[in-house]
Amino acid sequence: MAATNKVYLDNGATTRVLPEVLEAMLPYFGEVYGNPSSLHDWGEEAKDAMEESRGKVAELLNANAEEIVFTSTGTESNNLAVKGIASAYKDKGKHIVISAIEHFSVMHSARTLSKEGFTVTTVPVDKDGLVDPDAIAGAIQKDTVLVSIMHANGEIGTIQPLKEIAAVTKKAGVLLHTDAVASAGNIPTDVKDLGVDALSLASNQFYGPKGVAALWVRKGVRFLPLFDGGIQEGGRRAGTDNVPGIVGMGKAAEIAKKDMSLNGERLIPLRDRLINGLTAKIERTILTGHPTRRLPGHASFCVEFIEGEAMLMMLNMHGVAASSGSACTSKALKASHVLLALGIDHALAQGSLVFTIGLENTIEDIDHVLEVFPAVVDRLRQMSPLYDKYLKARQGVK
Amino acid sequence: MKKFIYLDHAATTPVHSRVLEAMLPFFTERFCNPSAVYTVAQESRKAVDGARKTVADILGCVPRDVIFTSGGSESDNMAIKGGALALKESGNHIITSAIEHHAVTESCHFMEKLGFEVTYLPVDRYGVARLDALEKAINQRTVLVSIMTANNEVGTIQPVAEISRIVKNHPAGRGRTIIFHTDAVQAAGSLDINVDRLGVDMLSLSSHKFYGPKGVGVFYLRRNTPFISWQNGGSQERNRRAGTENVSGIIGTGVALQLAEENREHYVRHCTRLRDRLIEGIMSAIQDVHLTGHPTERLPNNVSFCFEYVEGESILLSLDFAGIAASSGSACTSASIEPSGVLLAMGVPVQVAHGSLRMTLGTDNTDEDIDYVLSTLAGIVERLRSISPLARKSAHV
C-alpha cells in the first residue's frame with residue numbers, strides 16, 4: 001500500500017493549522033505587513049492585530065494580556081522561563097527543582113544552569129508518571145528559587161496534580177513554572193485556578209501555526225530575557241514580532257477556548273476505544289502513563305519484544321502516522337528518559353508507541369489502527385529473537 | 001484620494017506573493033513536524049532541507065552550516081553569546097562597532113555583565129568603522145569581532161572583507177580562533193553575501209527584510225567554529241537550535257532569498273536610481289539638511305537625513321498624515337525618545353540627531369512616489385520650522 005498517511009495520529013508532534021486560523025493570518029503577510037514597532041499607520045495596524053491576539057491568548061489562560069510574551073517555540077518559552085527566572089533570582093538562591101519527565105527544553109535548560117553554579121533537584125515520578133506534591137515539598141530548600149513541573153507529558157499523556165504542587169510552592173514562597181505545551185488549548189489551563197507563576201504554551205499544539213509560541217509570567221515575577229536587542233514585547237524578548245504567526249495563535253486560542261469541552265467529549269471516547277482495543281487485542285502490551293488522568297487524545301503504549309521504530313515504519317506503510325515518543329528526540333535511538341523514569345526497563349521502553357488523536361480523527365481511523373496493528377505486531381514479533389525466547393519459555397512452563 | 005506610500009522597507013517588507021504561495025501548503029496540507037519518521041513528515045523534512053540548500057547556495061556554504069532561527073535578533077544573540085562563551089577559556093574580549101544593531105550591542109552588554117570586555121570601535125563621519133582602531137584593538141584576549149555588513153539606520157556599507165583580513169591575519173590571533181561575525185540583516189538582496197568572499201565565520205539574516213515572512217531568520221555558522229547553543233532542548237538543527245522548525249517560514253525564507261538574489265541586479269539599479277533622485281531632490285529643495293551615512297558606499301534603498309531645527313518624530317507624523325510611511329531610525333527602538341546612538345557615534349550633534357528621518361525604498365516604489373514625497377516634504381519641514389523655537393532663534397542669530 002502506498003504510504004499516504006491517511007490516518008494522522010501524531011497531533012502531539014504538531015497539529016494541522018485550522019482553515020479559519022490560516023484565513024485570519026493571510027492579510028498579515030502581504031497587505032498589513034507593517035512592523036508593529038513602527039510609528040506609522042502601517043505599523044499601528046499590525047500592532048493592533050498583535051495586541052488583539054495577545055488578549056485572546058490571555059483569555060485562554062484567564063490571564064492579563066500584558067503578562068503574555070510572544071516567542072518562537074515552546075522550547076524558547078521553556079528556556080526563557082527556566083533560565084530567565086532562575087537567573088533573575090540568583091541572588092536569592094541557586095537551586096531549582098524539576099521532575100524526571102520534563103521535556104528536554106526544560107531539562108537541558110536546567111543542565112545549562114547547573115553549569116552556571118545552580119544545583120538542580122530532579123524529583124521522581126510514580127509508575128503512572130505522576131509527581132508527588134510531597135516530593136516537591138521535600139525537594140524545596142532554603143535557596144530554591146524555581147520549581148518547573150510540566151502540566152501534561154507529551155509522551156505518556158499524564159496530567160500532573162499542578163494545583164496541589166502550586167499549593168506546596170506557594171506555601172514555601174517558591175516560584176512555579178509549568179510547561180503547558182502539550183496541554184494548553186487541549187485542556188483547561190486557567191493560570192489562576194492552577195496557581196502557577198509562569199506557563200509555556202505553543203501554537204502548533206492547538207491548530208495554530210508553527211514558529212510562534214508564548215510565555216505567560218505573572219505580573220511582578222522577574223525574568224531575564226533570552227534575547228537582548230530591541231524593546232519589543234516590553235523589553236522581554238527582542239526581535240521583530242511574527243505578526244501573522246501571532247494573529248494565527250490568537251485565532252487558534254480563541255477557537256480552542258470555545259471548543260475545548262466539546263473537543264474533550266469527542267476525543268476521550270476515541271482515545272479509550274484505542275486503548276481498550278489495543279490492550280485487549282495484543283498481549284504483552286501496556287498502556288504508559290496514567291489510565292485516567294491523561295490528555296484527551298493521548299494513547300501511549302509499550303509493546304513488548306519489538307522496537308517502536310519498526311512499528312512506526314510498518315504503520316506508515318498502512319497509512320498511519322504515529323510516534324515513538326517526543327518528535328524533538330526522534331532521531332535519538334536511546335530509550336526515552338520519560339519511560340525509564342516510570343520504572344519501565346530499557347528493553348520494554350524500546351517498544352514505545354504513541355498515538356495522539358486530534359480533532360480530525362474519526363472512529364474509522366481508530367478502527368483502522370485496531371484492524372492493522374495486531375498484524376504489524378505479529379509480523380515484527382515473528383522476527384524478534386526476544387519473542388521467540390519468550391514463547392519457548394512459556395511452552396516450557398506448560 | 002489618500003496616498004499610501006511605504007518607505008520603511010528597512011523596518012520590514014511585504015511578503016512577496018510567490019513566497020506566500022510557496023508557504024501556504026505547509027500550514028494546512030503538508031503541516032507535519034519534520035522530526036517525525038513517517039512519509040508525510042519526511043516530505044516536510046525534504047522541503048526544509050531544500051530551503052536550507054537554497055540559502056546555502058546563495059551564502060556559498062554547505063547546507064549544514066545554515067541554521068534557521070526566529071529572526072535576525074535571535075541570530076545576532078546566538079553569534080555574540082554562543083561564540084564568545086564557547087571561547088571563554090581562550091579570552092574575554094569582544095570587538096564590535098559603535099553603530100551596530102541593538103541585538104548585537106545589547107548582547108555585548110550582556111557579555112560585559114559576565115565579565116567580558118567589549119571594545120566599541122569608533123566610526124568616521126560617514127559611519128565606516130575605523131580600521132586603524134580595529135587593528136589596535138585586537139589583543140591576545142580577543143575572541144570575537146562583530147561588524148555589521150550594512151547599517152540599518154544610515155545605510156553605510158562596511159568594508160567587511162577588509163575587516164576579515166585584519167582579524168584573520170592579526171598576530172594576536174595566531175594559533176587560535178578569533179571569530180568574525182557580521183550582521184547582514186540589511187544587506188541581503190542588496191549586496192553580495194557570499195560568506196567566503198566576506199570572510200566571515202558567522203552571519204545573521206532576517207527573512208522579513210527581503211520580502212520573506214516575519215518570525216524566521218538565518219544563522220550561518222562556518223564549520224568547526226566554536227559555538228555553544230543558546231536554546232536548549234531537542235536535537236533540531238543539529239543540536240544548535242532546539243525547537244520545532246517553523247516549516248512554512250523556512251520554506252518562505254528559501255524562496256524569498258532566491259528571488260532576492262535573482263532580482264538583485266535589477267533591484268539595486270531600481271532603488272539606487274530612486275534613492276539618488278530622492279536625495280538630490282531633498283538636498284536642493286530644503287535648507288539646513290544633512291545626508292547621514294556614506295554618500296556612495298550606502299545601501300541602494302537607504303535615504304537618511306537630519307533636518308536641523310525640527311524633530312524627526314514630528315516629520316514622521318506629518319508624513320504619516322500625508323500617507324507616507326517612514327522612520328526616524330531603527331524600528332526596534334522607535335518607541336525610544338533618545339537620539340540615535342548611530343548618529344551620535346558619527347559625530348552628529350545631539351540637537352541635529354533629533355531631526356533624523358529615514359526613508360527606505362523597495363521594489364514597488366515608483367518615480368511617482370518620489371515626486372509625491374518631494375512635493376510634500378519641503379512643505380512639512382517648512383511648516384514645522386515655522387513653529388520651532390530653535391529655528392526662530394537661529395534665524396535671529
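What follows draws every value from the coordinates through simple rules; no lab data is involved. Computed from a predicted structure; not experimentally measured. Note: ideal-geometry Cβ built from the backbone for every residue, glycine included; neighbour counts use all protein chains shown.
Here is how the numbers come out for the structure above:
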{"item": "Residue count for region B:233-245, restricted to those that are out of contact with any strand residue (DSSP E or B) (no Cβ under 7 Å at 6 or more places or on another chain) and either in a helix (DSSP H, G or I) or crowded, with 24+ Cβ neighbours inside 10 Å (or both)", "result": "8"}
{"item": "Members of region B:228-260 found to be over 22 Å from residue B:58 (Cα atoms) and not hydroxyl-bearing (Ser, Thr, Tyr), listed by number", "result": "B:228, B:230, B:231, B:232, B:233, B:234, B:236, B:239, B:242, B:243"}
{"item": "Yes/no for residue A:286 being assigned to a helix (DSSP H, G or I), touching a residue at least 12 places away in the same chain (Cβ under 8 Å) and either more than 14 Å from chain B (Cβ to nearest Cβ) or in contact with a strand residue (DSSP E or B) (Cβ under 6 Å, 6 or more places away or on another chain) (or both)", "result": "no"}
{"item": "Filter result for residue A:112 (away from chain B (no Cβ under 14 Å), without any contact (Cβ under 8 Å) to a residue 40 or more places away in the chain and surrounded by fewer than 22 Cβ atoms within 10 Å (Cβ to Cβ))", "result": "no"}
{"item": "Breaking point among (1) under 16 Å from residue B:13 (Cβ atoms); (2) touching a strand residue (DSSP E or B) at 6+ places or on another chain (Cβ under 9 Å); (3) away from every other protein chain (no Cβ under 14 Å), for residue B:264", "result": "(2)"}
{"item": "Test: residue A:262 is out of contact with any Leu (no Cβ under 6 Å at 6 or more places or on another chain) and free of Cβ contacts under 8 Å to residues at least 12 places away in the same chain", "result": "yes"}
{"item": "Residues satisfying the stated conditions in region B:199-232, i.e. hydroxyl-bearing (Ser, Thr, Tyr) and not in a loop (DSSP other than H, G, I, E, B)", "result": "B:204, B:206, B:207, B:220"}
{"item": "1 or more residues more than 10 Å from every other protein chain (Cβ to nearest Cβ), out of contact with any Gly (no Cβ under 7 Å at 6 or more places or on another chain) and touching a residue at least 60 places away in the same chain (Cβ under 8 Å): qualifying helices (runs of 4 or more DSSP H) within region B:1-90", "result": "B:17-23, B:39-59, B:83-86"}
{"item": "Entirely in region B:297-390, the helices (runs of 4 or more DSSP H) that have 1 or more residues that are more than 22 Å from residue B:151 (Cα to Cα) and in contact with a helix residue (DSSP H, G or I) (Cβ under 8 Å, 6 or more places away or on another chain)", "result": "B:312-321, B:367-386"}
{"item": "Residue match in region B:188-198 (condition: part of a loop (DSSP other than H, G, I, E, B), over 30 Å from residue B:8 (Cβ atoms) and among the small types (Gly, Ala, Ser))", "result": "no"}
{"item": "Some residue of region A:163-173 being of a type outside the set (Val, Ile, Thr), buried (at least 23 other Cβ atoms within 10 Å of the Cβ) and out of contact with any Lys or Arg (no Cβ under 7 Å at 6 or more places or on another chain)", "result": "no"}
{"item": "Restricting region B:151-184 to residues that are among the aliphatic types (A, V, I, L, M) and in contact with a Lys or Arg (Cβ under 8 Å, 6 or more places away or on another chain), the residue that is surrounded by the most Cβ atoms within 10 Å (Cβ to Cβ)", "result": "B:154"}
{"item": "Residue in region A:356-366 that is of a type in the set (S, T, N, Q), part of a strand (DSSP E or B) and buried (at least 20 other Cβ atoms within 10 Å of the Cβ) present", "result": "yes"}
{"item": "Checking residue A:62 against (1) within 11 Å of chain B (Cβ to nearest Cβ); (2) within 21 Å of residue A:179 (Cβ to Cβ); (3) surrounded by fewer than 19 Cβ atoms within 10 Å (Cβ to Cβ), the condition it does not meet", "result": "(1)"}
{"item": "Selected residue (only one of B:252, B:329, B:281 is buried (at least 20 other Cβ atoms within 10 Å of the Cβ), under 30 Å from residue B:356 (Cα atoms) and more than 8 Å from chain A (Cβ to nearest Cβ))", "result": "B:329"}
{"item": "Candidate set: region B:284-326, residues that are surrounded by fewer than 20 Cβ atoms within 10 Å (Cβ to Cβ) and acidic (Asp, Glu); chosen: the one farthest from residue B:209 (Cα to Cα)", "result": "B:288"}
{"item": "Qualifying position, being under 24 Å from residue A:340 (Cα atoms) and more than 14 Å from chain B (Cβ to nearest Cβ), among A:122, A:169", "result": "A:122"}
{"item": "Which listed residue, of B:276, B:369, is under 17 Å from residue B:13 (Cα atoms) and more than 20 Å from the chain's Cα centre (by Cα)", "result": "B:369"}
